[in-house]
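Peer 1: Have a look at this one before I ask anything.
The values are calculated or read from the model by the stated rules, or taken from the named source; none is laboratory data. In this text, all values refer to a predicted model and were calculated from it rather than measured experimentally. All Cβ positions, glycine included, derive from the backbone under ideal geometry; neighbour counts span all protein chains shown.
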Amino acid sequence: MHFWRRRRGTLTLAQAPVGLRLDERALLLTALALHALTLSQELFGAGGMRFGFSLALSLMLWLALVLYWIESFYTRLEGLQMIGLPLAAASVLLPLLFPGQHLLFNVDSLAFRTHFLVAMLAYSLFTLAALHALLMAVAGKRLHSGRVSPLIASLPPLMTMETLLFRLIHVAFVLLTLTVISGVFFSEALFGKALPFDHKTVFAIVAWFIFAALLVGRHLRGWRGRLALRWTLAGFIALLLAYVGSRFVIEVILARAT
């Protein structure tokens, strides 16, 4: 509410872009710390480790905002606050509304912990990239229509935002590749078989190919603009379906149906 009021209520087109003040950085860091506390209680509060689609979304958005908080020291992207902060705030309530987490096994395994950490980092970077792509899409549409709001005027040039978007996608793609590889080794070490061919694996591989095609198209054919944004969002949706979507069906839809 503070960021919405400050950016929408006081910023004019004639003003310079407003960055995060020191007190706002501290406020956001405090909110992130409290979010982390709720996550730790939900993940490890009942012994062992519980995880489900609601915790996955909450953790992804928390990590995305942590990365944004760090990135905000170097790049001014105030518009991401308007998208990311309400989503992260809502995600804190998701485990309360959908408490159907399942207990994870083998959490003491180094292979599992490595796979889990790399996967969450990849998901979070792609979440940040998807939010970034949505912001670029809105900015591009407003600029082409001539309706430039103060929020849009405060953003960096679209070329700068596009450069940052592909920087995020490059790093996230490397982490996604490591996620798939570590998933194979994790499955081999614990179950004696390669990565199972299930819906989660299929969607993860589909997402990997979408982002691989996007990066190849970017380097070889100069893909940019709306085409790049559509591929980014398509890859993110596939990645979201890989775990969050499947767990939502199992924990919410099928649970209520039975």
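Peer 1: Counting just the residues of segment 46-84 that are among the β-branched types (V, I, T) and under 13 Å from L168 (Cβ atoms), which one comes out modelled with the lowest pLDDT?
Peer 2: First pass over segment 46-84, keeping only residues among the β-branched types (V, I, T): 66, 70, 75, 83.
From what's left, under 13 Å from L168 (Cβ atoms): 70, 75.
Working: I70: 84, T75: 72.
In this case the residue turns out to be T75.
Peer 1: Within segment 127-144, can you find the residues that are in contact with a helix residue (DSSP H, G or I) (Cβ under 6 Å, 6 or more places away or on another chain) and either outside any helix (DSSP H, G or I) or without any contact (Cβ under 8 Å) to a residue 12 or more places away in the chain (or both)?
Peer 2: Scanning segment 127-144 gives a single hit, R142.
Peer 1: Of all residues in segment 29-45, which are among the hydrophobic types (A, V, I, L, M, F, W, C) and at pLDDT 90 or above? Working first, answer last.
Peer 2: Taking segment 29-45 and keeping what is among the hydrophobic types (A, V, I, L, M, F, W, C), we get 29, 31-34, 36-37, 39, 43-44.
Passing the criteria: L29, A31, L32, A33, L34, A36, L37.
Peer 1: Another question, if that's okay. So which of A122, A88 ends up being under 24 Å from I210 (Cα atoms), under 15 Å from the mean Cα position of the chain (by Cα), at pLDDT 85 or above and of a type in the set (G, A, S)? Steps first, please.
Peer 2: On the way: A88 fails: under 24 Å from I210 (Cα atoms).
Answer to the selection: A122.
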